[in-house]
Each structure stands twice: as C-alpha cells, then as structure tokens.
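The values are calculated or read from the model by the stated rules, or taken from the named source; none is laboratory data. Because the structure is a prediction, the values reported are computed rather than measured. Every residue, glycine among them, receives a Cβ derived from its backbone with ideal geometry; neighbour counts consider all protein chains shown.
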Amino acid sequence: MSYLLVIPQITDISRLQSALTWWEYADYAATLVVFIGVSGELLAGFTNVFKTKDNKVREKRVTLIFTVVLLVGLAGELTALVQTSNVTSKITEILRNDIAAAYKSAADATIEAGKANERGKELENQNLKLAIKLEEEKEKRLEIERKLAPRFLASRQRAAMLWSLRAHANYRITITRLLEAEAGSYADQISDVFKDAKWDVQFQYIGTLSPPVYGLQCKISSRPDSACEAVSSAFARAGIRLTLVNDGTLRNNVELLIGLKPPYDR
C-alpha cells in the first residue's frame, strides 16, 4: 500500500485542492485508527471483552496488537499533516506566481490584479481554515499522548508537597503500593517525597484490587490533626486530586492508597 503515501504530479490548483481533500480524508481515517488502538488497549486492560482476564499471554498479545494499531494511526496522522502542509505550500506558491504574472501584465493589469486579489483572499481563508484544523489535530494528538503517558511528579509538585510536609517529620504514613507497573512507579515517586520530608513511611503491597481503585485515596482520623491536614494541603498545592476518607480507628497515622491511573485522567 506504499502508493498511498505518494502524491501524483500536480500542475494546477484544482488538482492540488483535490489532493488536499484526499489527505484530509486520510487524516480522518488515521484518527479513527488511533481511536481504535486506544479503545482496544483500554478494553484489553480493563475489561474481559477479548477473554484476557485469566490469560496474561493473550492479554499481552492483544495489547501489543492494539499498540501497533495506535502507532500506525499516529504515523498516518503525521504523514497526513506533513502532506497537507506540502500541498498548502504549493497552493500558496502557485498563487504568488499568479499574482506576480498579473502585476506584470500590461493592458489588463488592473483587472488581473483584482482577480488575483480575490483568489488571494479565497486562499487566505482556506489557509486560515487549514491552519486552525491543523492546530486542532495537533491538540488532539497531544491529548492522546498525555492520556497514554504514565503519571509522574514534576519538580514543582515535589517542592509544593515538601513545603507542607516537612513540619511533621517522623509522623507515620502507610502507603499501599499496587504491583501494577504504572501505579507502582507513581507510588514510589510519592513515597520518596514523604521520605525526603522525614516521615515514617511504611508500605503495604497488593497485587490487584477488585473492584479496581482509581486515583489516590487517603484515610485519616475522624478527628484529623495538623499532620493529616498537611497531607491534604500537600496534594492540593501540587494540584493532585486526593479523595479523603475519615476512619475513626486511625490514631497518629495516615493510610494512603495509590490506585490505578483513571482511564481518562485529567
């Protein structure tokens, strides 16, 4: 199917516009492929649609297939973006040549210039629409990449959390760490912040939770002390969503569960 990536020799604006329309449809198709890849990965990871619940090998294969589909879709979008930009540049170049020729004409200079200006305005409007569309497609791709990327603590978030936590050194916190790769890595980053703040960090390791838990959940005393409030403040300053649960059995301790990344984490 390599012929799909080659534009035929084009010599006029109408054929360029046809080629531009073709690449726009190709971009829509690539976006659909990306959606299928992302949907397939989510279904494979969080449902049993493909009968992968008790078959890790099958789960890995299904996930790999949809990952390949996603990469193909992203490659298609990138190709469509590049080709659309090339076609637009050629349209603009032809327009500029037409305008130059119009200005050089003798008797019909005024009429030709007027026509060229009209065509210029029309193509400027088309270029503006294309620029807006390309920017929207870029934002969509960035959004997909962000949703697929694992969670991580930025340096500013670490600094904000440390500012709230350092005043309560040696306070005990129990962190529940899932063995799932993304959640485990995120838990390690958060636990490092508490360690840097000199808290007494304890760990509880769990393979999976049923039903699954998403995001961060924190159990604190029903009568929270200043350290409990510092935990809530730390995550708020870092811009990290934290669900607080009051537990009357807790005393001088905080329990923090680092759950799975929400499918559409904001």
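Numbers for the structure displayed
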| item | result |
| --- | --- |
| Among (1) in contact (Cβ under 8 Å) with a residue 40 or more places away in the chain; (2) over 27 Å from residue 42 (Cα atoms), the one test that residue 134 misses | (2) |
| Output for the stretch 151-172, where each listed residue is surrounded by 12 or more Cβ atoms within 10 Å (Cβ to Cβ), within 20 Å of the chain's Cα centre (by Cα) and not in a helix (DSSP H, G or I) | 151, 153 |
| Residue in the stretch 42-58 that is within 30 Å of residue 85 (Cβ to Cβ), assigned by TED's automatic domain parsing to the domain that holds residue 84 and not acidic (Asp, Glu) present | no |
| Of all residues making up the stretch 85-120, the number that are surrounded by 12 or more Cβ atoms within 10 Å (Cβ to Cβ), more than 30 Å from residue 31 (Cβ to Cβ) and of a type in the set (S, T, N, Q) | 2 |
| Any hit, the stretch 249-266, residues being among the acidic types (Asp, Glu), within 30 Å of residue 142 (Cβ to Cβ) and loosely packed, with under 15 Cβ neighbours inside 10 Å | yes |
| One residue from 175, 190, 220 being of a type in the set (A, V, I, L, M, F, W, C), in a strand (DSSP E or B) and within 30 Å of residue 60 (Cβ to Cβ) | 175 |
| Candidates 78, 123 - the one that is part of a helix (DSSP H, G or I) and either exposed (fewer than 11 other Cβ atoms within 10 Å of the Cβ) or touching a Leu at 6+ places or on another chain (Cβ under 9 Å) (or both) | 123 |
